[in-house]
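Below is one structure; the comments refer to it alone.
Coordinate-derived values only; no laboratory data. Keep in mind the model is a prediction, meaning the values are calculated, not measured. Glycine also receives a Cβ, built like all others from the backbone with ideal geometry; neighbour counts cover every protein chain displayed.
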Amino acid sequence: MTPAAAPPAGDGGVRVAVVGLHGGHAFGPDAVQAIAGAGVVVGSSRQLRSTASLRAPGADTVVLEGPMDAVLTRVRESADAGRRVCVLASGDPGFFGIVRVLAAALGSGRLRVHPAPSSVSLAFARLGLSWDDAAVVSVHGRPLADAVGAVRSSAQRSVALLTSPDNPPQVVAAALLAAGEPPGPEGSAVVASRLAEEDEALTVADLETIAQGTFDPMSVLVLTGRSRNRTARSLAWGLPEAEFDHAAGMITKAEVRAVALGKLELPAHGVLWDIGAGSGSVGIECARLRPGLEVFAVERDAARAQRIRSNAARHAVRFPVIEGEAPDALDGLPDPDRVFVGGGGIAVLDAALGRLRPAGVVVGTYAVIDRAVAAASRLGNLVELAVSRGVMMTTGGPGVRLRAENPVFICWGPHADEVET
């Protein structure tokens, strides 16, 4: 393997130093020299104040606020002009930090990074815990739903969440609870704020207490002692009908459900509609398999809607159940990445296709061939699933007879896996 070459001499080789700070202090003589030798120093107002004694007389300062594009332009122009530039950051700037942005804009070869301990490592250090097997998630500039999904799908016993002004610890905690994360015992949730600062604070509680409080938005929310049995369920789908409360056979049969789940090609994140949800078995299985999915169940019958909520609680998943008749009931929902149509006519299918996001998938099940053919003309794929279940004989000696279930037509798309020639 060829080692990375040093940057060429001249303007194109001018390095931009990126210095991580904690408590206003740089770590190591090289980091201190990077600040002292810079002609342009970029950082937040607080970082610039804390490093004032280290900067060279006459060095220009740029406050890191407002549009990032303007700051990047100033850094690039100064570096191209041969000036030494130092960008100040918090903790380890290569760990969910500004290094990613600078490398994309300037090229990683022009950066020299001087990290300080990350806020996550400091948080676990304060708790006296190792974190080599912890999951780390950030909500900085990322959708909160994605972060919650990442936590819910993680099998790790410890999780650290880097919070932000838009999503402070109490907001993140409330979102986790709403998604089904158990509150945990006392001491299972910790908010670590202002780490390595004079006003450092640790709040040890549980997730419900954190959700009801108010905390510094730039904190680390640490969850410990999470149950592996809860977060790392066995990979199983097409669960038996007995796993769901249902009435009068209003449930997608296990074998049909298993095929439908495969055809849905469930993504890790996104929005899924379960239309005509009945018992909620399909939506519940999707939520179990992909905790990062935002699932919406649509059911017109109030008793069935309540049954969906009960079944969801039984399987430790939570999602909204919209009581109403599709397609009108779909109006207030976010556009879907996946749709399962278990009830309703072709008008419902057309409404779903009209709202489907790019590269989305719709799967529908039909008992009547006429509707299935109409659906297949829109989706591109159709299969008939005929299942016969073995039943133990109770008379005439040991044996098994096959009991046929009603055939079901499954349609999926919109794409064609096979082309008839």
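Things worth noting here:
- Over the range 241-413, relative contact order from alpha-carbon pairs under 8 Å, at least 6 apart, %: 19
- Cut-off 14 Å between beta-carbons: net charge of the residues surrounding VAL220, Lys and Arg +1, Asp and Glu -1: -2
- Residue list for the range 29-48, given a label point 7 angstrom along the Cα-to-Cβ vector of GLU77 and an amide N cut-off under 19 Å: 39-43
- Residue exposure sequence - MET218, MET68, MET392 - by fewest surrounding Cβ within 10 Å: MET392, MET68, MET218
- Potential extension, ILE346-GLU65 segment - 0.36 nm per residue separation minus Cα distance: 96.0 nm
- Distance between modelled label sites at SER130 and SER45, nm, 7 Å Cα→Cβ extension: 4.4
- About its Cα centre, the dipole of the range 251-381 is roughly 440 debye, where the only charges are +1 on Lys and Arg Cβ and -1 on Asp and Glu Cβ.
- Here the range 241-413 has an Rg and Dmax of 16.5, 58 Å, counting Cα atoms alone.
- Taking Rg/Rh (Cα atoms, Kirkwood Rh) as calculated from this structure, the corresponding entry among [x] 0.96; [y] 1.11; [z] 0.99 is [y].
- Label point distance in nm, ALA258-SER53, each placed 7 Å from Cα along Cα→Cβ: 7.0
- Counting charges near PRO336 (Lys, Arg +1; Asp, Glu -1) among other residues having Cβ under 12 Å from its Cβ returns a value of -1.
- Mean-square fluctuations from a GNM of the chain, with a 10 angstrom spring cutoff on Cα atoms, peak among SER44, SER153, SER188 at SER44.
- Computed FRET value (nearest 0.05) for ARG314 with SER377, which takes r as the C-beta separation and R₀ as 51 Å: 0.85
- Residue-count net charge about VAL282 - beta-carbon cut-off 9 Å; Lys, Arg +1, Asp, Glu -1: -1
- Between the helical axis of 254-264 and the longest alpha-carbon principal axis of the chain there is an angle of about 40 degrees.
- The range 120-230, dipole about Cα centre (Lys/Arg Cβ +1, Asp/Glu Cβ -1), debye to the nearest 20: 480
- Antiparallel bridges, percent of DSSP beta bridges restricted to the range 120-230 (to nearest 5): 80
- Annotation: peptides 97-104, 86-93, 166-173, 73-80, ranked by per-residue average of other Cβ atoms within 10 Å with the highest first, follow the order 86-93, 166-173, 97-104, 73-80.
- Angle between the chain longest axis and helix 169-178 axis [Cα atoms, degrees, rounded to 10]: 10
- Given +1 at the Cβ of Lys and Arg, -1 at the Cβ of Asp and Glu and no other charges, the dipole of the chain around its Cα centre is 720 debye to the nearest 20.
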